[in-house]
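A quick write-up on the structure given underneath.
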Amino acid sequence: MSVDKETVQKIANLSRIAITDEECEHFVPELNQILGWVEQLGEVDCSNVEPMTAVIPNKLRLRADEVTDGDKRDKVLANAPVAEHGFFAVPKVIE
Amino acid sequence: MTNIQDLGIAGIRSGIDGGDFTAVEVAEIFVERVSAAKSLNAFLVETPDHALSAAKAADEAKAKGETLGKMAGIPIGMKDLFCTEGVPTTAASGILEGFTPQYESTVSANLFKNGAGMLGKLNMDQFAMGSSNETSAFGNVISPWRRNDGGNTDLAPGGSSGGSAAVVSGRIAPAATGTDTGGSIRQPAAFVGITGFKPTYGRCSRWGTIAFASSLDQAGPMAHDTRDCAIMLEAMAGFDPKDSTSLDFPVPDWEKALSSDLKGKKVGIPKEYRVDNMPSEIDALWQQGIEWMKDAGATIVDVSLPHTKYALPAYYIIAPAEASSNLARYDGVRYGKRNLPDGAGLQDMYAATREAGFGDEVKRRIMIGTYVLSAGYYDAYYTQAQKVRTLISQDFEKAWNQCDLLLTPTAPSAAFGLGEKADDPLAMYLNDVFTVPSSLAGLPAMSVPAGLDGQGLPLGLQVIGKALDEQSVFNAGLALEERAGFEAKPEQWW
């Protein structure tokens, strides 16, 4: 499988990364080179092989449903590019 | 008179214990070395006060006759992937410029609890994506090493823990933290002639470590030798309920059990690691390593890890896939950079912020990851890669029926010049050919400096062990170290 300019634009959009036409031209051969190389995995017979989910067998722990943390609004907001009235602020999303 | 700058963790510990010098004297020397090494561009932030106050605390504790922590009075470098409370942390990415964590990562907290001080935050490949430290948004780290041709070509310190490698080999810090996703501790350690240890996945908590590929990321020590790595890993590791993949096992006393006697141990030599175009010097060093293992009492057996050649392509699907998901958090809303073009809406702000904040390699990996996870391609790429990962892990399981450890070279070449591979992402990826398989299987592995090549540059040997058997890896590393007698150091030109 190989990607063209249109596909790269679509991937960039899904990735929420703005790219110029020029950058797109640049990414097409680069991504194709990498994708062409990883395609060799198709040679491997994986019938009856389970995809890996954990490298070291480990049971997912559960903890008591108790509040253990909180009351840190100012710390949570401390690095926000814009915070207003105790909230993260973003450009208007509803007209 | 001992030169304090040449001492590692154990040497400093015994000097402080024996009253040869104080922790404050040690910290002052390294603080001075940090500020004199700016031309290497290894530090993104310097924190001399942190190092000095930890040293003062160690001296006071000693004066009161208290038991000192494992890392008491040791000033270390901290890879900038670890969030440090109140100290700017960027993972060497523009998108986190100005970010000051409000909390401490578990690994750095554990080290500080054990008495370590911090000299500063170390430059690295952006988000740990790279093998040469050339993807940092804040410039390349320059290796303290130079070729013996009399030239002054700037060399790569390896990556992604390039700053860590540079400061430990340059005797600018006695030890540093690293993180390893596909070789980012071991390859730079090999490039600069130091010892680097990646523990079993889950030994060190990932909490507060900026995520790259969560199923692979592991923290570990980078230090002068095996003993120092054992001491430092004891201080870093441990169960952490805040990391769902943290292993709930006690931390063994690895240092105490160190022994270079390998009698009864079987060391496997995987034939698939004999790759094309490997310099003959590396092959010769590997042979030498086999002899050293035999000399230490080990039996050598030939083993096969048949899926080795598929490890790199599987890694370059799995790691970008996880990265594309992990890095979705950088949206210009909660922390870091925001780029809001005039009149832009929320979606445009995301795209503009990420365009401006991420470097090229990061963008490339996010896009590859997004593609292999997208509808219609998920099974062909991602699921297939995870199946191959199972086979790679099973290769190791089968090998453990024949042997206890594996011995391989750490990297397929010595350090290369900055810029020499920067234009070819794929050639750069191949650097990790020997380190990625054990990362995919979550196994403990270390790099031991073992010799110099014809250019006068360090080469490393890698020891890989069974899951949770760090002790055998340390012991084999010690056996190699004692026989290699590697003492070469870069001449100070900076």
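The values are calculated or read from the model by the stated rules, or taken from the named source; none is laboratory data. Since the model is a prediction, treat every value here as computed from it, not as a measurement. Cβ atoms come from the backbone with ideal geometry, glycine included; neighbour counts cover every protein chain shown.
B:K113 meets all of the listed conditions (1) within 21 Å of B:D154 (Cα to Cα); (2) surrounded by fewer than 23 Cβ atoms within 10 Å (Cβ to Cβ) but one, namely (1).
State which residue is surrounded by the most Cβ atoms within 10 Å (Cβ to Cβ) when the search covers only segment B:303-348 and only residues that are within 23 Å of B:P88 (Cβ to Cβ), facing another protein chain (nearest Cβ under 7 Å) and of a type in the set (A, V, I, L, M, F, W, C). Checked segment B:303-348; the qualifying residue surrounded by the most Cβ atoms within 10 Å (Cβ to Cβ) is B:V333. Do we have any residue at all in segment B:420-429 that's hydroxyl-bearing (S, T, Y), more than 7 Å from chain A (Cβ to nearest Cβ) and under 20 Å from the mean Cα position of the chain (by Cα)? Within segment B:420-429, one or more residues are hydroxyl-bearing (S, T, Y), more than 7 Å from chain A (Cβ to nearest Cβ) and under 20 Å from the mean Cα position of the chain (by Cα). Restricting to segment A:1-19, count the residues that are part of a helix (DSSP H, G or I), of a type outside the set (S, T, N, Q) and within 9 Å of chain B (Cβ to nearest Cβ). Within segment A:1-19, residues that are part of a helix (DSSP H, G or I), of a type outside the set (S, T, N, Q) and within 9 Å of chain B (Cβ to nearest Cβ) number 5.
Kindly check whether there is at least one residue in segment A:20-42 that is facing chain B (nearest Cβ under 9 Å), at pLDDT 95 or above, surrounded by 11 or more Cβ atoms within 10 Å (Cβ to Cβ) and part of a loop (DSSP other than H, G, I, E, B). No; the residues of segment A:20-42 include none that is facing chain B (nearest Cβ under 9 Å), at pLDDT 95 or above, surrounded by 11 or more Cβ atoms within 10 Å (Cβ to Cβ) and part of a loop (DSSP other than H, G, I, E, B).
Filtered by the rule that a residue be more than 7 Å from every other protein chain (Cβ to nearest Cβ) and surrounded by fewer than 24 Cβ atoms within 10 Å (Cβ to Cβ), segment B:358-371 gives B:G359, B:D360, B:E361. Beta carbons closer than 9 Å, at least 6 apart along the sequence or on distinct chains, pair a first residue in segment A:66-95 that is more than 10 Å from chain B (Cβ to nearest Cβ) with a second that is in a helix (DSSP H, G or I) and not small (G, A, S) for A:G86/A:R73; A:G86/A:D74; A:G86/A:L77; A:F87/A:L77.
When B:T408, B:T353 are checked against the criterion of being touching a Lys or Arg at 6+ places or on another chain (Cβ under 7 Å), more than 7 Å from every other protein chain (Cβ to nearest Cβ) and β-branched (V, I, T), a single residue qualifies: B:T353.
With respect to the conditions (1) more than 25 Å from B:D342 (Cβ to Cβ); (2) at pLDDT below 95; (3) out of contact with any helix residue (DSSP H, G or I) (no Cβ under 7 Å at 6 or more places or on another chain), A:M1 falls short on a single one, namely (3). Please tell me if B:Y378 is of a type in the set (F, W, Y) and surrounded by fewer than 21 Cβ atoms within 10 Å (Cβ to Cβ). So B:Y378 fits the description; yes.
Being at pLDDT below 95, more than 7 Å from chain B (Cβ to nearest Cβ) and within 26 Å of B:A213 (Cα to Cα) is a description that applies to A:T53.
Within segment B:448-455, identify whether any single residue is more than 19 Å from the chain's Cα centre (by Cα), in a loop (DSSP other than H, G, I, E, B) and facing another protein chain (nearest Cβ under 10 Å), and answer yes or no. No, segment B:448-455 contains no residue that is more than 19 Å from the chain's Cα centre (by Cα), in a loop (DSSP other than H, G, I, E, B) and facing another protein chain (nearest Cβ under 10 Å). With a requirement of 1 or more residues that are acidic (D, E), touching a residue at least 24 places away in the same chain (Cβ under 8 Å) and under 30 Å from A:A80 (Cβ atoms), the helices (runs of 4 or more DSSP H) lying completely within segment B:297-394 that satisfy it span B:311-326, B:360-372.
For B:S244, state whether it is out of contact with any Ser or Thr (no Cβ under 9 Å at 6 or more places or on another chain), within 14 Å of chain A (Cβ to nearest Cβ) and polar (S, T, N, Q).
yes
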